[in-house]
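Chemist: Take this structure, written in structure tokens, and hold onto it; I'll ask about it next.
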Amino acid sequence: MRKSAFIAARGGSRRLPRKNLLPVCGKPMLAYPIKAALESGLFEQVIVSTDDSTIARIARDAGARVIHRPDELATDSATVVDVCLHLLEILKNENALPDMFCTIYPTAVFLTPEDLNRSFLLLADEPECDFVMGVSEYNLHPVQALVEHNGYLQPMWPEYLELKSQSYPHLVCSNGTLYWARVPAFQEIKSFYGKRFRGYEIPRNRSIDIDTPEDYEIVKQIAYRYFNDMYGSKQSGL
């Protein structure tokens with residue numbers, strides 16, 4: 001069973017410029033998911049798709065293969081799905097098409113090799129499953145949502161008003177860490193939201209989607225405590 005890891009890391013980012021290269025505990029964010037993927041022992045190849053020469057250098061230094069992303073896939077409108085289809089086409093032409101792949105987000109700083117192995121088993125142990133998605137609970141439960149109507153707020157789901165929070169349904173959402181996919185199913189529907197997909201739940205404090213300077217500051221604060229607890233004061237072990 002051939003497996004590849006894909007990391008889509010373009011150079012541009014409007015809300016948080018150069019976010020894939022921003023340092024966390026002295027290392028670029030991109031270095032962390034590459035390290036987790038390599039140490040998982042799962043993948044024949046760990047591939048970074050980028051249009052940026054600095055990202056390419058850092059990715060190679062971290063041990064990943066780099067595939068240059070064409071200009072049409074380096075825009076704000078290009079999607080991760082587009083990038084994955086491009087990489088699969090290249091691997092097909094190299095006679096190295098995997099049976100399944102894992103897309104790992106370049107800002108998934110706290111993703112571990114254990115996360116990758118456990119999420120893989122959700123796919124491997126269930127032949128009918130085509131996709132696995134990294135998910136987390138919401139910070140605020142969605143059933144508490146308010147919607148504006150005629151200038152006033154009202155509950156989106158009033159049937160939950162009288163319920164205690166422990167009676168709310170368990171709801172999760174994609175957390176911007178990882179997606180696993182079987183290649184034939186992905187190529188057919190061109191999406192990670194297939195009819196048969198499972199969720200691998202990751203605690204919210206390890207799955208922060210980094211899009212703004214505020215997100216970045218939160219990640220730096222958590223990382224300092226997280227990695228100190230893991231490695232002690234020797235940050236060189238990261």
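Chemist: For Ser4, Ser49, Ser13, Ser136, which order do you get if you count the other beta carbons within 10 Å of each Cβ and list the fewest first?
Modeler: Details: Ser4 25, Ser49 29, Ser13 16, Ser136 22.
Going from sparsest to densest Cβ surroundings: Ser13, Ser136, Ser4, Ser49.
Chemist: With the chain treated as a Gaussian network of Cα nodes joined by springs under 10 Å, which of Gly199, Gly12, Gly41 yields the largest mean-square fluctuation?
Modeler: It is Gly41.
Chemist: If we count other beta carbons within 10 Å of each Cβ, what is the order of Tyr216, Tyr200, fewest first? Display every interim value, and only then the final one.
Modeler: Details: Tyr216 19, Tyr200 23.
Starting with the residue having the fewest Cβ neighbours, the order is Tyr216, Tyr200.
Chemist: Could you work out which residue, out of Cys102, Cys84, Cys173, moves most in a Gaussian network model of the chain, that is, has the largest mean-square fluctuation with Cα springs under 10 Å?
Modeler: Evaluated over the chain, the most mobile residue of the options is Cys173.
Chemist: With charges set only on the Cβ (+1 for Lys and Arg, -1 for Asp and Glu), what does the dipole of the chain come to about its Cα centre, in debye to the nearest 20?
Modeler: Numbers: 26 positive and 30 negative charges, 139 e Å.
For this selection, approximately 660 debye.
Chemist: Let me ask you something else. For the residues Val135, Val147, Val219, what sequence is obtained by ranking on other C-beta atoms within 10 Å, fewest first?
Modeler: Val147, Val135, Val219
Chemist: Rounded, prolate or oblate: which fits the range 9-110, taking a ≥ b ≥ c as square roots of the Cα gyration tensor eigenvalues, rounded meaning a/c under 1.5, else prolate when a/b beats b/c? Before the final figure, lay out the partial values.
Modeler: Numbers: a/c = 1.87, a/b = 1.17, b/c = 1.60.
It comes out oblate by the Cα gyration axes.
Chemist: So which lysines pass the test for Lys190, namely a Cα distance under 24 Å, with those fewer than 8 places away in the same chain ruled out?
Modeler: Those lysines meeting the cut-off are Lys3, Lys92.
Chemist: While we're here: Counting alpha carbon pairs within less than 8 Å and at least 6 residues apart, what relative contact order, in whole percent, applies to the chain?
Modeler: On the way: 395 pairs, mean separation 54.4, N = 238.
For the chain, the relative contact order is 23 percent.
Chemist: If you average the C-alpha positions of the range 127-159 and of the range 16-95 separately, how far apart do those two centres end up, in angstrom?
Modeler: 31 Å
Chemist: For the range 107-173, with only Lys/Arg (+1) and Asp/Glu (-1) charged at the beta-carbon, what is the dipole magnitude about the Cα centre, in debye rounded to 20?
Modeler: With only Lys, Arg, Asp and Glu charged at Cβ, the dipole is about 280 debye.
Chemist: Length gain on complete extension for the stretch Arg204 to Thr54, per 0.36 nm per residue less the alpha carbon to alpha carbon distance? Write out the running numbers ahead of the final one.
Modeler: Numbers: separation 150, 0.36 × 150 = 54.00 nm, distance 3.00 nm.
Contour length minus the Cα-Cα distance gives 51.0 nm.
Chemist: Would you indicate which of [x] 25, 20, 18; [y] 27, 19, 17; [z] 30, 23, 19 is the value of semi-axes √(5λ) of the Cα gyration tensor in Å derived from the coordinates of this structure?
Modeler: Working out semi-axes √(5λ) of the Cα gyration tensor in Å from the coordinates points to [z].
Chemist: Continuing with the same structure: Which residue fluctuates the most in the chain, going by a Gaussian network model with Cα springs under 10 Å, if the choices are Leu42, Leu88, Leu161?
Modeler: Leu161
Chemist: Using a Förster distance of 30 angstrom, determine the FRET efficiency expected from the C-beta separation of Tyr193 and Ile222, and round it to 0.05. Display every interim value, and only then the final one.
Modeler: On the way: r = 29 Å, r/R0 = 0.95.
The value I calculate is 0.55.
Chemist: In straight Cα distance, which aspartates and glutamates are under 20 Å from Lys35, not counting same-chain residues fewer than 8 positions off?
Modeler: Glu44, Asp52, Asp61, Glu114, Asp115, Asp209, Asp229
Read-outs throughout are calculated quantities, based only on the coordinates presented, and are distinct from any laboratory measurement. Please read these numbers as outputs of a predicted model, since none were measured by experiment. FYI the Cβ positions are ideal-geometry reconstructions off the backbone, even for glycines, and counts take in every protein chain you see.
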